[in-house]
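Trainee: First the structure, then my questions, so here it is.
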Amino acid sequence: MELASLEKQMLAEVNVDEPWKLVEKFATLVRLSGSREEKEAVEYLTSRLEALGIRFTVYEPELYISWPLSAQVTSLGLQEQVFPAKAPSFSVSGTVEGELVYVPRAHARGTEEFFAIGVEARGPAVQGKVVVTDGLALPKGVRDLEEAGAAAQIYVNPHPELIHEGIISPIWGSPGWEDLPHRARSLVVNVSATTGEVLKRLAAQEGARVRVETRLDERWRKCPIVVAEVRGNQDPDEFVLVHGHLDSWHYGVGDNAVGNAALLELARVFHKFRSHLRRTLRLAWWSGHSHGRYAGSTWYADTFALDLVENCVAQSNIDSVGCRWATNFDEVMWMSEAADLCADVIRHLTGQQAHGVRPLRAGDYSFNNLGLTAFYMLLSNIPEDVRRKKGFYAVGGCGGNSDAWHTERDTLEVADPEILVRDIRVYVATLLRVLNSGVYPFDFRATVAEIRGHIERYAQAAGARFDFTPSLEEVDRLARAVEQLWTVGRRLDASTDRERQKRCNRVLRELARWLVPLNYVRRERFWHDPALEVPPVPALAAAERLACVDAGDPTANFIQVDLRRGQNHVVWTLRQARRAVEEFLREVEPA
Ligand SMILES: [Zn+2]
């Protein structure tokens, strides 16, 4: 069947019945990673897959998981007062008593800043003290205060009553032996703004002391991972991976029962039209996201790394879709090569001009190191003016509903069945276009232009102190090759030359294998960077530091050493990418 009419039929097939039943079921289950209630959720999900006749596998790997059990803060002195608190996953368990000091901290202005924002504090003012600061406990701030020598950390959440759950481990996935030294070593809690006001007043008094207590259960746990597959017919070895996390904080309806429901509906609809699919759709529901720092998707990336590197066309994440009031598409994550595809689908289905953002080092984007093209994570969001009216502040899910995200209030009314169906349709159309197009609809001209922009920015920052000409020349050579590839690709896409289409697609996968790590990853291919922000083209990012170094400061020499090595990496990687493209071009258009 022709792509456009197949798309139309599949979009018409999407409805709320199957997904909403799952949402209602999951809304009764607190799905801690590896818990009994999560298992019950898996039983529901697999019973539906079975009933629909969809093939699936349940894996049960051991993942490293931290469940918070209890926490509190007590003011010491003549009148002891106890305040409720929550420990984030991977806080240290125990008791710390100490002098209380307040360190103010800026709030994140939006999702883009949310995971990146740190805490500025140094010296004896914080060393050995219990530090109370603003915002949510996240790895970056925790690391900053750890390095400053704080004895314990209290984060004052913006809401007067609600306290957010969270996770502070900077290690991506279950830690390897070599990651262990980088574990969070601090005792950390979140408190409400009301508690925070009292603590800040207390901190203003000379010698005020508090006790912070936490109890967590940290261990290796068997956790479920469900993987279903709808096999393609012409190129079944090539697959698109679409996935989301199964575990939750509290009832986790907006984060992420809706995503689990969306995945089930995708499975149902694609299975129904399976005889028309060219490539394979693989769907995955991960445990270990919230309490194991993406440990499920990371386990999968590690366990099936070679299959993913060889055959995966792209990965797409589903988290916190279909939330109430989330009518906008102005913070949609995608990689540059998928920008036109995603924007076109969203325009086509909603009439909106979507705004893309660079995928954050967060969510289950556990595949950047393998070099997979990726699109979507949180998808739709609540418009800025509505958020302001409701007093919402920046959070990492639930469409931007900060009352619900990682709190007891993430219940059924956080989801919206109509918005859920609309979001599922966006996934259906985007995935179908990748699964069934002759040549993948990925435009690497945009990726190369993006990378060039980053190199230029670094060159400007470094000025005369470092010569970026080799990187710029090499990226321009690649741009020319990719321009030709685009022309050939469009022609092949319109043709019936299956063999050449397949060859072209292999080159597109190879481009992603080189360029995604170049743009998003610091470590080597089969290792994972920490859950801390990675600057674009990280091998050259030291250039920005050069701009802050005075003339004659030997720091500049150290940075230049880094940049010489980084530039070798960049030029060599761009060259490998170009050679792959040129080899293909010679084959299809011999001189
Ligand atoms: Zn989530």
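The values are calculated or read from the model by the stated rules, or taken from the named source; none is laboratory data. No experiment lies behind these values; they were computed from the predicted model shown. Please note: Cβ atoms are built from the backbone with ideal geometry, for glycine as well, and neighbour counts cover all protein chains shown. Remember, those area values only see protein heavy atoms, side chains included, never the ligands or the DNA or RNA. Shrake-Rupley method; radii C 1.70, N 1.55, O 1.52, S 1.80 Å.
Trainee: Would you mind calculating the gained length between Ala4 and Gln127 on full extension (0.36 nm times residue separation, minus the Cα-Cα distance), in nm to one decimal? Provide the component values of the computation, followed by the final result.
Mentor: Numbers: separation 123, 0.36 × 123 = 44.28 nm, distance 6.30 nm.
Full extension of this stretch gives 38.0 nm more.
Trainee: Among Tyr294, Thr327, Leu283, which residue has its Cα positioned farthest towards the positive end of the charge dipole of region 265-372, with +1 placed on the Cβ of Lys and Arg, -1 on the Cβ of Asp and Glu, and the dipole taken about the Cα centre?
Mentor: About the Cα centre, the residue reaching furthest to the positive side is Leu283.
Trainee: When N counts the residues of region 161-262, how does its alpha-carbon radius of gyration compare numerically with 2.2 N^0.38 Å, as a ratio? Spell out each step's value before the answer.
Mentor: On the way: Rg = 21.1 Å, N = 102, 2.2 N^0.38 = 12.8 Å.
Relative to the 2.2 N^0.38 Å estimate, region 161-262 comes out at 1.65.
Trainee: Continuing with the same structure: Apply the Debye scattering formula to region 275-356, with a single equal point scatterer on each alpha-carbon and no solvent, then give log10 I(q)/I(0) at q = 0.24 Å⁻¹.
Mentor: Taking Cα atoms of region 275-356 as identical point scatterers yields -1.22.
Trainee: Please state the relative contact order of the chain as a whole percent: Cα pairs under 8 Å, 6+ residues apart?
Mentor: Values: 1324 pairs, mean separation 93.9, N = 591.
Computed value for the chain: 16 percent relative contact order.
Trainee: Please give the solvent-accessible surface of Trp527 in Å², to the nearest 10, using a probe radius of 1.4 Å with every protein chain present.
Mentor: Here the accessible area works out near 120 Å².
Trainee: Just for the Cα atoms in the chain, what are the lengths along the principal axes, largest first, rounded to whole Å?
Mentor: So the extents along the principal axes, rounded to whole Å, are 86, 68, 45.
Trainee: In terms of solvent-accessible area of protein heavy atoms at a 1.4 angstrom probe, what is the ranking of Asp302, Asp235, Asp403, highest value first?
Mentor: From most exposed to least exposed: Asp302, Asp403, Asp235.
Trainee: For Trp405, what accessible surface area do you get with a 1.4 Å probe? Give it in Å², rounded to 10.
Mentor: The accessible area of Trp405 comes to roughly 10 Å².
Trainee: What's the angle, to the nearest 10 degrees (0 to 90), between helix 193-203's Cα axis and the longest principal axis of the chain?
Mentor: 50 degrees
Trainee: Taking the dipole about the Cα centre of the chain, with the C-beta of Lys and Arg at +1 and of Asp and Glu at -1, give me whichever of Leu585, Ile171, Ala459 is farthest to the positive side.
Mentor: The residue sitting farthest along the positive end of the dipole is Leu585.
Trainee: Can you list which of the trypsin sites (Lys or Arg not before Pro) found in region 339-404 are DSSP loop residues with at most 16 other C-beta atoms within 10 Å? Don't skip to the end; give the middle numbers.
Mentor: Details: sites: Arg347, Arg361, Arg387, Arg388, Lys389, Lys390; in loops: Arg361, Lys390.
Those that pass, being in a loop and sparsely packed, are Lys390.
Trainee: Restricting to lysines 8 or more places apart or on different chains, can you count the pairs in the chain with Cα atoms under 18 Å from each other?
Mentor: Numbers: Lys8/Lys272; Lys21/Lys39; Lys25/Lys39; Lys39/Lys222; Lys86/Lys200; Lys129/Lys200.
Step by step, the pairs that qualify in the chain add up to 6.
Trainee: As a test of reading the structure, rank His159, His243, His182 by solvent-accessible area (1.4 Å probe, protein chains only), most first.
Mentor: Numbers: His159 25, His243 0, His182 100 Å².
My answer, sorted largest first, is His182, His159, His243.
Trainee: What is the Cα centroid distance between region 24-79 and region 544-565, reported in whole angstrom?
Mentor: What the calculation gives is 48 Å, centre to centre.
Trainee: For the full complex of protein chains and a 1.4 angstrom probe, list His276, His348, His245 by accessible area with the highest value first. Before the final figure, lay out the partial values.
Mentor: On the way: His276 65, His348 115, His245 0 Å².
Largest accessible area first, the list is His348, His276, His245.
Trainee: On to the next question. Could you work out how far helix 36-52 tilts from the main Cα principal axis of the chain, as a 0 to 90 degree angle to the nearest 10?
Mentor: That works out to roughly 20 degrees.
Trainee: I want to check the label-to-label distance for Glu80 and Glu310. Put each point 7 Å from Cα in the C-beta direction and report it in nm to one decimal.
Mentor: My value for the distance between the label points is 6.3 nm.
Trainee: Follow-up question, since we're still on this one. On the full set of protein chains, 1.4 Å probe, figure out the accessible area of Glu408 and give it in Å² to the nearest 10.
Mentor: 90 Å²
Trainee: Turning to a different aspect of this structure: Just add up the charged neighbours of Gln234: K/R +1, D/E -1, any other residue whose Cβ is under 15 Å from the Cβ of Gln234.
Mentor: Details: positive: Arg231, Arg274, Arg278, Arg279, Arg498, Arg500, Lys502, Arg503, Arg506; negative: Glu2, Asp235, Asp237, Glu238, Asp493, Asp497, Glu499.
Local net charge: +2.
Trainee: Among rounded, prolate and oblate, which fits region 321-419 when a ≥ b ≥ c are the square roots of the eigenvalues of its C-alpha gyration tensor, a/c under 1.5 means rounded, and a/b larger than b/c means prolate? Kindly include the intermediate steps, with their values, before the conclusion.
Mentor: Details: a/c = 2.08, a/b = 1.40, b/c = 1.49.
It is oblate, given that a/c is not under 1.5 and a/b is not larger than b/c.
Trainee: Here's something else I'd like to know. Would you please classify the overall shape of region 228-368 from the alpha carbon gyration tensor, given that a ≥ b ≥ c denote the square roots of the eigenvalues, rounded means a/c under 1.5, and beyond that prolate means a/b larger than b/c while oblate covers the rest? Don't jump to the answer; show the numbers that get you there.
Mentor: Values: a/c = 1.37, a/b = 1.07, b/c = 1.28.
Cα axes put region 228-368 in the rounded bin.
Trainee: Report, largest value first, the span of the C-alpha coordinates of region 532-581 along each principal axis, in whole Å.
Mentor: 43, 24, 14
Trainee: Note down the net charge around Ala150, summing +1 for each Lys or Arg and -1 for each Asp or Glu among other residues with Cβ under 10 Å from its Cβ.
Mentor: Values: positive: Lys129; negative: Asp144, Glu146, Glu147.
My count for the surroundings of Ala150 gives -2.
Trainee: With +1 on each Lys and Arg Cβ and -1 on each Asp and Glu Cβ, how big is the dipole of the chain about its Cα centre, in debye rounded to the nearest 20?
Mentor: 600 debye
Trainee: From the Cα trace of region 472-573, what convex hull volume per residue do you get, rounded to a whole Å³?
Mentor: Working: hull volume 13.3 nm³, N = 102.
Output value, Cα hull per residue: 131 Å³.
Trainee: Which percent of Cα-Cα pairs in region 387-496 sits in each 10 Å bin, short to long?
Mentor: 12, 21, 19, 23, 21, 4
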